[in-house]
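The values are calculated or read from the model by the stated rules, or taken from the named source; none is laboratory data. Predicted, not measured: the structure shown is a model, and the values here were computed from it. FYI the Cβ positions are ideal-geometry reconstructions off the backbone, even for glycines, and counts take in every protein chain you see. Surface areas here come from the heavy atoms of the whole protein model, side chains and all, with no ligands, DNA or RNA. Shrake-Rupley method; radii C 1.70, N 1.55, O 1.52, S 1.80 Å.
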Amino acid sequence: MSDNKNDANCATVNTGRVRRHRPRGKVSDPVELASRLTERDRDLLHLLSEHRVLTSAQVADLLPYPSLNRAQRRLLRLWHWHVLDRFRHPRGDGALTGWRYALGTAGHGVLAAMRGQTPPRPNTVREQVLRLATDPRLAHLLGINDVLAALTAHARRSDDAELRLWHGERSAAADCGGLARPDALIVYREHGNQLVGCYEHDTGSEPLTRVTQKLDGYAELARAGGPRPARKTQQRHGFWVLFGLPSPIREANLRDRLTAADPTGPGLTAGDVGWHIATTHADALHDPAGPVWLPLRGNQRQRLADLAASQAPVR
């Protein structure tokens, strides 16, 4: 989902000829630029501030745009205005990935003005984008944002689903008091049931021993009352730790390790909240709200809404 081959710095007109866009100009006057930005553009600035990098397909799902082509055209214009910066990489077959978008110099300036802050210097912004473009964890970050975009799109299409909260890694760690560091914190509601979930996106780049060690932090979090958002929900139903694995084989191997251990640590006492574990794999994550989650003690995959209705903590 992350890469889009149709992203390009050109557009095809009805005649079939290719019309190349003008070269990128200088940064516009900030006051004039601010007057050009729509409310959706400003929402995009906030999204990129929280989630760091997005593909055009993710942007089209998150904001939303009526079509991917419309999203691409607007992103190109924002890039021309230096509101956004962008980069892409060669694939294994030599073709280029789709563009990945981050906040540009002017985007940082507008966002800082909206927040009453001092914007970073242009050289600092360029260094941030370069670090992001060369970050070995970029695929991990884009994978997380794929799940966010898919769940957002599902909630928009549904009459009874709502993604009430999705915090990225930095905000999620604060929500958990530093006891656990999930890749995202989710509050999702459907059919009257609300789920609080700590999402862990695994790309297979680290040993499973290290993955299972993360559960010590979640046990501490349970003893501290769970993540801060939706505390009342957690007191009734606990919270979930949701693992997205890159393949069915790795999912099965992780489940074997978790089943062989006691992932909750010491028993729950007064003031603690129950916590639950469910897993899925990349082949199913295109529909994270669907029947793709397998509870650790279960043998049938469930929808997020079904997990939200569960009240029995893992013991």
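Taking residues in region 40-61 that are closer than 14 Å to GLN72 by Cβ, and partners anywhere that are of a type in the set (Asp, Glu), the pairs with Cβ atoms closer than 9 Å and at least 6 places apart or on different chains are THR55/ASP3; THR55/ASP7; THR55/ASP146; SER56/ASP7; ALA57/ASP3; ALA57/ASP7; ALA57/ASP146; GLN58/ASP146. Pairs linking a residue in region 89-105 that is more than 30 Å from SER28 (Cβ to Cβ) to a residue that is open to solvent by 40 Å² or more (accessible area, probe 1.4 Å) and not in a strand (DSSP E or B), with Cβ atoms under 9 Å and 6 or more positions apart or on different chains, are ARG91/ASP3; ALA95/LYS5.
In the set (1) open to solvent by 20 Å² or more (accessible area, probe 1.4 Å); (2) out of contact with any Phe, Trp or Tyr (no Cβ under 8 Å at 6 or more places or on another chain); (3) among the polar types (S, T, N, Q), the condition left unmet by THR152 is number (2). Take ALA133 and decide whether it is over 13 Å from the mean Cα position of the chain (by Cα), open to solvent by less than 30 Å² (accessible area, probe 1.4 Å) and at pLDDT 95 or above. The answer is yes for ALA133. The number of residues in region 41-68 being open to solvent by less than 80 Å² (accessible area, probe 1.4 Å) and over 16 Å from HIS108 (Cα atoms) comes to 13.
Within region 76-96, does at least one residue satisfy the condition of being in a loop (DSSP other than H, G, I, E, B), in contact with a helix residue (DSSP H, G or I) (Cβ under 7 Å, 6 or more places away or on another chain) and open to solvent by 50 Å² or more (accessible area, probe 1.4 Å)? No, there is no match, as no residue in region 76-96 is in a loop (DSSP other than H, G, I, E, B), in contact with a helix residue (DSSP H, G or I) (Cβ under 7 Å, 6 or more places away or on another chain) and open to solvent by 50 Å² or more (accessible area, probe 1.4 Å).
Scanning region 28-39 for residues that are within 19 Å of ARG73 (Cα to Cα) and surrounded by fewer than 15 Cβ atoms within 10 Å (Cβ to Cβ) returns SER35, ARG36, THR38, GLU39.
Within region 31-64, the set of residues being farther than 20 Å from ASP85 by Cβ and at pLDDT 95 or above comprises GLU39, ASP61.
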